[in-house]
Amino acid sequence: MVEISLCMIVRDEEVNLEKSLSRIAGYMDEIIIVDTGSSDRTKEIARKYTESVFDYIWNQDFSAARNYSISKASNEYVLILDSDEFLQEIDIADMKRRIEEYPAHIGRILRINEYTRKGNKYRYQERVNRVFSKEYYQYQGIIHEQIILKEGVDLQFEKSGKLYNTPITLLHNGYEGDLPTLKKKSKRNIELLQNVLKITPEDPYILYQLGKSYYMEEDYISACCYFEKALMYVVNTRLEFVQDMIESYGYAMLNSGKQQEALLILNLYDEFSNSADFLFLVALILMNNSKFNEAITEFFKATKFSNAKMEGVNSYLSYYNIGVIYECMNQKREAQLYYNKCGDYRAAQIRLNELDKEI
(Lines give C-alpha, C1' and ligand atoms only; values in the text may rest on other atoms or scores of the structure.)
Protein backbone atom coordinates (compact mmCIF):
# COMPACT_ATOMS: atom_id res chain seq x y z
CA MET A 1 0.00 0.00 0.00
CA VAL A 2 1.34 3.45 -0.91
CA GLU A 3 2.17 5.99 1.77
CA ILE A 4 1.21 9.67 1.53
CA SER A 5 2.96 12.79 2.75
CA LEU A 6 0.87 15.86 3.54
CA CYS A 7 2.77 18.98 2.43
CA MET A 8 1.71 22.45 3.58
CA ILE A 9 3.25 25.91 3.43
CA VAL A 10 2.18 28.34 6.16
CA ARG A 11 2.70 31.80 7.56
CA ASP A 12 0.98 33.31 10.61
CA GLU A 13 -1.77 30.72 10.56
CA GLU A 14 -2.29 30.07 14.27
CA VAL A 15 -6.02 30.76 13.87
CA ASN A 16 -6.56 27.97 11.32
CA LEU A 17 -3.67 25.51 11.62
CA GLU A 18 -4.80 23.57 14.69
CA LYS A 19 -8.21 22.89 13.19
CA SER A 20 -6.73 21.94 9.82
CA LEU A 21 -4.06 19.55 11.11
CA SER A 22 -6.19 17.96 13.82
CA ARG A 23 -8.69 16.75 11.23
CA ILE A 24 -6.24 15.32 8.69
CA ALA A 25 -3.25 14.18 10.78
CA GLY A 26 -4.59 10.74 11.67
CA TYR A 27 -4.90 9.76 8.02
CA MET A 28 -1.46 10.83 6.81
CA ASP A 29 1.73 8.75 6.88
CA GLU A 30 3.85 11.90 7.11
CA ILE A 31 3.29 15.63 7.60
CA ILE A 32 5.62 18.27 6.18
CA ILE A 33 5.15 21.88 7.28
CA VAL A 34 7.16 24.68 5.66
CA ASP A 35 6.95 28.04 7.42
CA THR A 36 7.69 31.14 5.34
CA GLY A 37 8.22 33.59 8.20
CA SER A 38 5.58 33.34 10.91
CA SER A 39 5.66 35.70 13.90
CA ASP A 40 2.85 33.99 15.83
CA ARG A 41 2.39 30.45 17.27
CA THR A 42 2.18 28.73 13.88
CA LYS A 43 5.37 26.66 14.24
CA GLU A 44 4.54 25.74 17.83
CA ILE A 45 1.18 24.36 16.72
CA ALA A 46 2.75 22.54 13.76
CA ARG A 47 5.23 20.74 16.03
CA LYS A 48 2.34 19.19 17.95
CA TYR A 49 1.62 17.13 14.83
CA THR A 50 5.03 16.60 13.22
CA GLU A 51 8.75 16.99 13.77
CA SER A 52 9.14 17.88 10.10
CA VAL A 53 8.78 21.65 10.38
CA PHE A 54 11.11 23.62 8.11
CA ASP A 55 11.89 27.31 7.67
CA TYR A 56 11.87 28.83 4.20
CA ILE A 57 12.84 32.38 3.33
CA TRP A 58 9.89 33.81 1.42
CA ASN A 59 10.91 34.93 -2.07
CA GLN A 60 7.55 36.00 -3.53
CA ASP A 61 7.17 32.65 -5.31
CA PHE A 62 4.50 30.17 -4.21
CA SER A 63 5.72 27.41 -6.52
CA ALA A 64 9.23 27.60 -5.12
CA ALA A 65 7.86 27.21 -1.59
CA ARG A 66 5.54 24.37 -2.64
CA ASN A 67 8.35 22.54 -4.39
CA TYR A 68 10.59 22.97 -1.36
CA SER A 69 7.94 21.38 0.86
CA ILE A 70 7.58 18.48 -1.57
CA SER A 71 11.35 17.97 -1.61
CA LYS A 72 11.22 17.30 2.14
CA ALA A 73 8.67 14.48 1.77
CA SER A 74 10.07 10.98 2.21
CA ASN A 75 7.13 9.42 0.34
CA GLU A 76 6.61 9.51 -3.40
CA TYR A 77 2.96 10.56 -3.22
CA VAL A 78 1.95 13.89 -1.75
CA LEU A 79 -1.27 15.60 -0.75
CA ILE A 80 -1.13 19.40 -0.87
CA LEU A 81 -3.32 21.37 1.56
CA ASP A 82 -3.56 24.93 2.82
CA SER A 83 -4.13 25.75 6.47
CA ASP A 84 -7.55 27.29 5.77
CA GLU A 85 -8.81 23.97 4.37
CA PHE A 86 -10.48 21.57 6.79
CA LEU A 87 -11.19 17.89 6.20
CA GLN A 88 -14.87 16.97 6.00
CA GLU A 89 -14.76 13.47 4.53
CA ILE A 90 -12.08 10.98 3.54
CA ASP A 91 -11.78 7.30 2.66
CA ILE A 92 -8.04 6.82 3.02
CA ALA A 93 -8.06 3.16 1.95
CA ASP A 94 -9.93 4.01 -1.24
CA MET A 95 -7.67 6.99 -1.84
CA LYS A 96 -4.56 4.81 -1.68
CA ARG A 97 -6.21 2.24 -3.91
CA ARG A 98 -6.87 4.90 -6.52
CA ILE A 99 -3.28 6.12 -6.34
CA GLU A 100 -2.09 2.57 -7.02
CA GLU A 101 -4.55 2.30 -9.90
CA TYR A 102 -3.49 5.64 -11.43
CA PRO A 103 0.18 6.05 -10.39
CA ALA A 104 0.99 8.82 -12.89
CA HIS A 105 -2.35 10.61 -12.76
CA ILE A 106 -3.19 13.74 -10.75
CA GLY A 107 -5.79 13.31 -8.01
CA ARG A 108 -8.48 15.91 -7.43
CA ILE A 109 -10.16 16.76 -4.15
CA LEU A 110 -13.62 18.25 -3.70
CA ARG A 111 -13.33 21.67 -2.06
CA ILE A 112 -16.36 23.51 -0.70
CA ASN A 113 -15.80 27.25 -0.37
CA GLU A 114 -17.93 28.92 2.29
CA TYR A 115 -18.22 32.69 2.60
CA THR A 116 -20.64 35.49 3.48
CA ARG A 117 -21.37 38.54 1.36
CA LYS A 118 -23.79 41.29 2.44
CA GLY A 119 -25.37 39.01 5.02
CA ASN A 120 -25.95 36.14 2.59
CA LYS A 121 -24.11 32.83 3.00
CA TYR A 122 -22.73 31.07 -0.07
CA ARG A 123 -21.30 27.61 -0.70
CA TYR A 124 -19.39 26.97 -3.91
CA GLN A 125 -17.82 23.62 -4.74
CA GLU A 126 -14.97 22.85 -7.09
CA ARG A 127 -12.46 20.13 -7.89
CA VAL A 128 -8.81 21.08 -7.37
CA ASN A 129 -5.66 19.13 -8.26
CA ARG A 130 -3.81 18.13 -5.09
CA VAL A 131 -2.56 14.50 -5.11
CA PHE A 132 0.38 13.36 -7.25
CA SER A 133 3.76 11.66 -7.48
CA LYS A 134 6.68 13.96 -6.77
CA GLU A 135 8.71 11.83 -9.19
CA TYR A 136 6.55 13.03 -12.08
CA TYR A 137 5.26 16.44 -11.11
CA GLN A 138 6.18 19.79 -9.63
CA TYR A 139 4.63 23.25 -9.29
CA GLN A 140 5.08 26.13 -11.70
CA GLY A 141 3.96 29.75 -11.38
CA ILE A 142 4.79 32.50 -8.91
CA ILE A 143 1.15 32.68 -7.80
CA HIS A 144 -1.92 30.51 -8.43
CA GLU A 145 0.62 27.83 -9.10
CA GLN A 146 -0.21 24.85 -11.29
CA ILE A 147 1.01 21.26 -11.38
CA ILE A 148 3.17 20.40 -14.39
CA LEU A 149 5.26 17.44 -15.54
CA LYS A 150 8.85 17.67 -14.35
CA GLU A 151 11.50 18.27 -16.96
CA GLY A 152 12.89 14.98 -18.27
CA VAL A 153 9.85 12.89 -17.36
CA ASP A 154 9.05 10.34 -20.06
CA LEU A 155 6.08 11.87 -21.86
CA GLN A 156 5.41 8.56 -23.58
CA PHE A 157 4.00 7.23 -20.31
CA GLU A 158 0.47 7.27 -21.72
CA LYS A 159 -1.41 7.83 -18.49
CA SER A 160 0.60 10.79 -17.24
CA GLY A 161 -1.20 14.08 -16.79
CA LYS A 162 -4.71 12.64 -16.64
CA LEU A 163 -7.03 13.41 -13.75
CA TYR A 164 -9.08 11.34 -11.33
CA ASN A 165 -11.26 12.18 -8.33
CA THR A 166 -10.12 11.27 -4.83
CA PRO A 167 -12.52 10.49 -1.94
CA ILE A 168 -11.64 13.66 -0.05
CA THR A 169 -13.91 16.62 0.73
CA LEU A 170 -12.55 19.81 2.27
CA LEU A 171 -14.19 22.93 3.63
CA HIS A 172 -12.37 26.16 2.69
CA ASN A 173 -12.87 29.48 4.48
CA GLY A 174 -10.20 31.50 2.66
CA TYR A 175 -12.77 33.72 0.94
CA GLU A 176 -14.42 34.70 4.23
CA GLY A 177 -13.95 38.12 5.82
CA ASP A 178 -15.04 41.74 5.66
CA LEU A 179 -14.06 43.98 2.75
CA PRO A 180 -10.87 45.39 4.37
CA THR A 181 -9.67 41.83 5.08
CA LEU A 182 -10.41 40.74 1.52
CA LYS A 183 -8.63 43.79 0.11
CA LYS A 184 -5.55 42.99 2.19
CA LYS A 185 -5.46 39.46 0.76
CA SER A 186 -6.08 40.55 -2.81
CA LYS A 187 -3.49 43.35 -2.66
CA ARG A 188 -0.68 40.81 -2.19
CA ASN A 189 -2.02 38.65 -5.01
CA ILE A 190 -2.46 41.60 -7.36
CA GLU A 191 1.12 42.74 -6.83
CA LEU A 192 2.49 39.27 -7.62
CA LEU A 193 0.21 38.84 -10.63
CA GLN A 194 1.15 42.24 -12.04
CA ASN A 195 4.82 41.21 -11.84
CA VAL A 196 4.05 38.04 -13.79
CA LEU A 197 2.00 40.00 -16.32
CA LYS A 198 5.04 42.13 -17.16
CA ILE A 199 6.74 38.94 -18.36
CA THR A 200 3.73 37.31 -20.05
CA PRO A 201 1.28 40.15 -20.89
CA GLU A 202 -0.92 37.96 -23.10
CA ASP A 203 -1.41 35.06 -20.67
CA PRO A 204 -5.21 34.63 -20.32
CA TYR A 205 -4.86 32.65 -17.08
CA ILE A 206 -2.92 35.45 -15.35
CA LEU A 207 -5.37 38.04 -16.67
CA TYR A 208 -8.21 35.86 -15.37
CA GLN A 209 -6.61 35.62 -11.92
CA LEU A 210 -6.16 39.40 -11.82
CA GLY A 211 -9.84 39.75 -12.65
CA LYS A 212 -10.73 37.34 -9.84
CA SER A 213 -8.54 39.26 -7.39
CA TYR A 214 -10.32 42.52 -8.15
CA TYR A 215 -13.66 40.71 -8.06
CA MET A 216 -12.81 39.42 -4.58
CA GLU A 217 -12.36 42.97 -3.29
CA GLU A 218 -15.57 44.07 -5.05
CA ASP A 219 -13.80 46.28 -7.60
CA TYR A 220 -16.05 45.06 -10.39
CA ILE A 221 -14.99 47.67 -12.95
CA SER A 222 -11.35 46.54 -12.78
CA ALA A 223 -12.46 42.90 -12.76
CA CYS A 224 -14.39 43.43 -16.00
CA CYS A 225 -11.35 45.07 -17.58
CA TYR A 226 -9.11 42.07 -16.93
CA PHE A 227 -11.74 39.49 -17.86
CA GLU A 228 -12.24 41.31 -21.18
CA LYS A 229 -8.50 41.26 -21.86
CA ALA A 230 -8.25 37.57 -20.97
CA LEU A 231 -11.04 36.67 -23.39
CA MET A 232 -9.06 38.26 -26.22
CA TYR A 233 -6.40 35.56 -25.83
CA VAL A 234 -8.48 32.47 -25.01
CA VAL A 235 -8.30 29.95 -27.83
CA ASN A 236 -9.89 26.98 -26.09
CA THR A 237 -13.16 27.59 -24.24
CA ARG A 238 -12.91 24.09 -22.73
CA LEU A 239 -9.98 25.08 -20.55
CA GLU A 240 -11.08 24.58 -16.97
CA PHE A 241 -10.76 28.21 -15.85
CA VAL A 242 -12.66 29.64 -18.81
CA GLN A 243 -16.20 28.84 -17.66
CA ASP A 244 -15.52 30.31 -14.23
CA MET A 245 -14.10 33.41 -15.93
CA ILE A 246 -17.18 33.77 -18.13
CA GLU A 247 -19.49 33.47 -15.14
CA SER A 248 -17.40 35.84 -13.01
CA TYR A 249 -17.35 38.32 -15.89
CA GLY A 250 -21.14 38.16 -16.13
CA TYR A 251 -21.60 38.80 -12.41
CA ALA A 252 -19.01 41.59 -12.48
CA MET A 253 -20.96 43.33 -15.25
CA LEU A 254 -24.22 43.00 -13.33
CA ASN A 255 -22.59 44.29 -10.13
CA SER A 256 -21.13 47.29 -11.96
CA GLY A 257 -24.40 48.33 -13.63
CA LYS A 258 -23.56 46.97 -17.08
CA GLN A 259 -26.77 45.00 -17.54
CA GLN A 260 -27.03 45.56 -21.29
CA GLU A 261 -23.38 44.71 -21.91
CA ALA A 262 -23.91 41.50 -19.95
CA LEU A 263 -26.29 40.28 -22.66
CA LEU A 264 -23.14 39.46 -24.65
CA ILE A 265 -22.77 36.41 -22.38
CA LEU A 266 -25.75 34.91 -24.22
CA ASN A 267 -23.54 34.51 -27.29
CA LEU A 268 -21.84 31.65 -25.39
CA TYR A 269 -25.12 29.92 -24.55
CA ASP A 270 -24.56 26.83 -26.72
CA GLU A 271 -21.05 26.45 -25.31
CA PHE A 272 -22.01 26.31 -21.63
CA SER A 273 -25.74 25.54 -21.44
CA ASN A 274 -24.96 22.14 -19.91
CA SER A 275 -24.26 23.92 -16.62
CA ALA A 276 -26.85 24.96 -14.03
CA ASP A 277 -24.49 27.73 -12.90
CA PHE A 278 -24.27 29.22 -16.38
CA LEU A 279 -28.04 28.99 -16.96
CA PHE A 280 -28.66 30.72 -13.62
CA LEU A 281 -26.35 33.56 -14.67
CA VAL A 282 -28.11 33.84 -18.03
CA ALA A 283 -31.45 34.04 -16.22
CA LEU A 284 -30.16 36.81 -13.93
CA ILE A 285 -28.89 38.77 -16.92
CA LEU A 286 -32.26 38.45 -18.66
CA MET A 287 -34.05 39.40 -15.45
CA ASN A 288 -31.89 42.51 -15.03
CA ASN A 289 -32.79 43.51 -18.59
CA SER A 290 -36.54 43.15 -17.85
CA LYS A 291 -36.83 40.08 -20.09
CA PHE A 292 -38.91 38.40 -17.42
CA ASN A 293 -40.54 35.51 -19.27
CA GLU A 294 -37.24 34.48 -20.85
CA ALA A 295 -35.57 34.68 -17.43
CA ILE A 296 -38.21 32.41 -15.86
CA THR A 297 -37.58 29.84 -18.60
CA GLU A 298 -33.83 29.80 -17.85
CA PHE A 299 -34.33 29.63 -14.08
CA PHE A 300 -36.58 26.60 -14.65
CA LYS A 301 -33.91 24.98 -16.80
CA ALA A 302 -31.36 25.45 -14.04
CA THR A 303 -33.59 23.56 -11.57
CA LYS A 304 -33.52 20.48 -13.80
CA PHE A 305 -29.86 19.83 -13.01
CA SER A 306 -29.02 17.53 -10.12
CA ASN A 307 -25.66 19.21 -9.48
CA ALA A 308 -24.32 22.75 -9.42
CA LYS A 309 -21.11 24.39 -8.30
CA MET A 310 -22.88 27.17 -6.40
CA GLU A 311 -25.29 25.78 -3.84
CA GLY A 312 -28.88 26.74 -4.57
CA VAL A 313 -28.68 27.83 -8.21
CA ASN A 314 -30.43 24.60 -9.22
CA SER A 315 -33.03 24.91 -6.47
CA TYR A 316 -33.97 27.64 -3.97
CA LEU A 317 -32.04 30.52 -5.59
CA SER A 318 -33.77 29.95 -8.92
CA TYR A 319 -37.18 29.58 -7.27
CA TYR A 320 -36.57 32.74 -5.25
CA ASN A 321 -35.81 34.78 -8.35
CA ILE A 322 -38.86 33.41 -10.12
CA GLY A 323 -40.83 34.59 -7.10
CA VAL A 324 -39.26 38.03 -7.35
CA ILE A 325 -40.19 38.26 -11.03
CA TYR A 326 -43.81 37.31 -10.35
CA GLU A 327 -43.94 39.84 -7.55
CA CYS A 328 -42.61 42.53 -9.90
CA MET A 329 -45.35 41.54 -12.33
CA ASN A 330 -47.88 41.92 -9.48
CA GLN A 331 -48.72 38.21 -9.61
CA LYS A 332 -48.48 37.77 -5.86
CA ARG A 333 -50.08 34.32 -5.58
CA GLU A 334 -47.56 32.92 -8.05
CA ALA A 335 -44.78 34.69 -6.15
CA GLN A 336 -45.90 33.02 -2.92
CA LEU A 337 -45.89 29.64 -4.63
CA TYR A 338 -42.24 29.93 -5.61
CA TYR A 339 -41.08 31.53 -2.37
CA ASN A 340 -42.58 28.51 -0.61
CA LYS A 341 -40.34 26.25 -2.72
CA CYS A 342 -37.26 27.91 -1.20
CA GLY A 343 -37.37 26.09 2.13
CA ASP A 344 -35.77 28.11 4.92
CA TYR A 345 -33.93 30.51 2.60
CA ARG A 346 -34.05 33.74 4.60
CA ALA A 347 -34.71 36.17 1.73
CA ALA A 348 -37.71 34.11 0.62
CA GLN A 349 -39.08 33.96 4.16
CA ILE A 350 -38.89 37.75 4.39
CA ARG A 351 -40.83 38.17 1.14
CA LEU A 352 -43.43 35.63 2.26
CA ASN A 353 -44.00 37.56 5.49
CA GLU A 354 -44.43 40.78 3.53
CA LEU A 355 -46.83 39.18 1.05
CA ASP A 356 -48.88 37.66 3.87
CA LYS A 357 -49.43 41.17 5.22
CA GLU A 358 -50.47 42.48 1.80
CA ILE A 359 -52.72 39.57 0.84
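In table form, for the structure just shown:
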quantity	calculated
Answer from Met287, Met310 - the residue that is touching a residue at least 40 places away in the same chain (Cβ under 8 Å), under 24 Å from Ile246 (Cβ atoms), in contact with a helix residue (DSSP H, G or I) (Cβ under 7 Å, 6 or more places away or on another chain) and of a type in the set (A, V, I, L, M, F, W, C)	Met310
Test for Asp35: is it in contact with a helix residue (DSSP H, G or I) (Cβ under 6 Å, 6 or more places away or on another chain) and of a type in the set (D, E, K, R)	yes
Residue match in the range 164-171 (condition: in the same structural domain as Lys19 (by TED's automatic domain parsing), closer than 25 Å to Ser273 by Cβ and surrounded by fewer than 16 Cβ atoms within 10 Å (Cβ to Cβ))	yes
Qualifying residues in the range 105-136 (those that are β-branched (Val, Ile, Thr) and out of contact with any Phe, Trp or Tyr (no Cβ under 6 Å at 6 or more places or on another chain)) - the one modelled with the lowest pLDDT	Thr116
Matching strands (runs of 3 or more DSSP E) fully within the range 112-196 where at least 2 residues are more than 19 Å from the chain's Cα centre (by Cα) and hydrophobic (A, V, I, L, M, F, W, C)	146-149
Options Tyr115, Tyr175; residue that is surrounded by 15 or more Cβ atoms within 10 Å (Cβ to Cβ), in contact (Cβ under 8 Å) with a residue 12 or more places away in the chain and closer than 20 Å to Ile80 by Cα	Tyr175
The range 215-255, residues that are small (Gly, Ala, Ser) and either part of a loop (DSSP other than H, G, I, E, B) or over 23 Å from Arg127 (Cβ atoms) (or both)	Ser222, Ala223, Ala252
Listing of helices (runs of 4 or more DSSP H) fully contained in the range 256-359 that carry 2 or more residues being assigned by TED's automatic domain parsing to the domain that holds Arg123 and surrounded by 20 or more Cβ atoms within 10 Å (Cβ to Cβ)	none
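The values are calculated or read from the model by the stated rules, or taken from the named source; none is laboratory data. This one's a predicted model, so the numbers in the text were calculated from it and none came from an experiment. Virtual Cβ from ideal backbone geometry, glycine too; neighbours counted across all protein chains shown.
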